[in-house]
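Structure first, commentary second.
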Amino acid sequence: MGLLSDFIVATPEDALQYERLFMEGKQLPPDRFQLAEYKNFTPLALEMVWAILRHEKWDAKIHALEHVAHTEETWLFRFPDEFMHRLAALSEADQDWVAVAWVNPEEVPGNADELRPVLRGLQRLAALAEKSGKSLYLRGSL
C-alpha cells in the first residue's frame, strides 16, 4: 500500500483541521484546501529537492521541513518559505533537470519521468500558496 502523501495549500489553522476533516470522512471545502495526492513521498524526499534547488548537498540542519504535528500514523510538515518560493519559481525547463537530479533509489519513489508530474504539481501548489498568502504542507500517513 505505501505511504499516502498529500500536499496541501492552507492557512496554519486549516492545515491542522485537515487531519480531523480527513479522518471524519468529511468533504474538504475547496475554498480552504487545494491539494495534490501522491504516494510514498517522505519529508526527507522533499528536503532532497530543496537541496537540489539550492545546488547543495542535502544537510538535515539546512534543508529540514518544519514539523507541525504528528500522531502514531500521520505527520504534518510545512514547507519553509524559501523552499516554497524556489518551487513556485521553478520553470518547466528546470523541472526536467531537477527531476533527473532528484532520482534516488533509496529515498525517492520513481524515475525522472515519474517525478516530473510531481514537480509540476508542487510548482503549481507553491505558486498558489504564495499568491494566496498561505503555506504549503506535506501530510503523510501510513
**OP:** With Rg/Rh (Cα atoms, Kirkwood Rh) in mind, check (i) 1.11; (ii) 1.07; (iii) 0.94 and report the label derived from this structure.
**Re:** (iii)
**OP:** Within the set of other residues whose C-beta is less than 12 Å from the C-beta of residue 73, count the net charge using Lys and Arg as +1 and Asp and Glu as -1.
**Re:** -1
**OP:** Provide the FRET efficiency to the nearest 0.05 for the residue 120-residue 17 pair, computing r from the beta carbons and using R0 = 41 Å.
**Re:** 0.90
Original post:
With charges only on Cβ, +1 for K and R and -1 for D and E, what is the dipole size of the chain about its Cα centre, in debye, rounded to 20?
Top reply: 260 debye
Original post:
With springs only between Cα atoms under 10 Å, which of 41, 77, 22 fluctuates most in a Gaussian network model of the chain?
Top reply: 22
Original post:
For labels at residue 40 and residue 59 in the simple 7 Å Cα→Cβ model, what's the distance in nm?
Top reply: 3.0 nm
Original post:
In terms of the Cα gyration tensor, with a ≥ b ≥ c the square roots of its eigenvalues, is segment 81-142 rounded because a/c is under 1.5, prolate because a/b exceeds b/c, or oblate?
Top reply: oblate
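A short reminder: the numbers here are calculations on the coordinates, not readings from a lab. None of these values were measured; they are calculated from a predicted model. As a convention, Cβ positions derive from the backbone with ideal geometry for all residues, glycine included, and neighbour counts pool all protein chains shown.
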